[in-house]
Amino acid sequence: MTKQVYEDYKYFLQDAGSFYVGSRYTLKEITMCEDIIYKFRKVVAESIIPSFDPEDTLETVLYYLKEDDFTLQLFKQMNAEARVSIKKKKKHLFGDEEEVYSTVYMKITELVRMSKEEKEERGLLIQELKGSKLALMTV
């Protein structure tokens with residue numbers, strides 16, 4: 001049997017004002033990947049890894065983040081948003097309803113306010129973390 005490596009949602013992109021990190025990176029992989037900007041790697045290594053396991057993915061960290069965690073303050077300070085897919089009900093012309101997934105950017109504070117049961121009920125899937133480069137420099 002061959003081992004498959006899941007590489008979707010493992011990427012780093014940046015533009016003039018923002019950076020985007022795929023949610024399937026583990027915290028350890030983030031600190032080791034030289035494609036990711038140095039300041040973000042340093043924040044992960046010094047401030048996030050002590051609170052979480054280095055083998056946790058970024059998705060796991062965001063999914064189980066609590067309102068009293070210091071990590072939440074870091075994400076707030078870097079103006080972080082999470083790109084998520086959420087189930088929504090779509091009504092058709094003749095009254096039929098179906099559930100479809102919609103992709104939206106959600107502030108980290110909104111994500112934290114949702115309970116675990118609500119996240120499961122809405123079929124929440126975290127795809128990436130978006131942060132401000134300028135705000136990251138103040139962390």
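Quick notes on this one:
- Here, P(r) means the percent of Cα pairs in each 5 Å bin from 0 to the largest distance; for the chain it is 2, 10, 18, 22, 19, 12, 8, 5, 3, 2, 0, 0.
- Checking every one of the trypsin sites (Lys or Arg not before Pro) in the range 1-87 against DSSP loop status and a limit of 16 other Cβ atoms within 10 Å picks out K3, K66.
- Here K130 is the anchor, and the lysines within straight C-alpha reach of less than 18 Å, apart from those fewer than 8 places off in the same chain, are K10, K39, K42, K76, K107.
- FRET efficiency estimate (nearest 0.05) - Cβ-Cβ, V100 to K28, R0 30 angstrom: 0.25
- Remark: F40, F75, F70 ranked as F70, F40, F75, counting other beta-carbon atoms within 10 Å and listing the fewest first.
- Longest stretch of the chain clear of exposed loop sites (GluC sites (Glu not before Pro), DSSP loop, at most 13 other Cβ atoms within 10 Å, sites excluded): 68-139.
- Per-residue Cβ neighbour rank within 10 angstrom, fewest leading, L124, L93: L93, L124
Bear in mind these aren't lab numbers, they're just calculated from the coordinates by the rules spelled out. For clarity, every value in this text was computed on a predicted model and none was experimentally measured. Note that each Cβ is placed from the backbone with ideal geometry, even for glycine, and that neighbours are counted across all protein chains shown.
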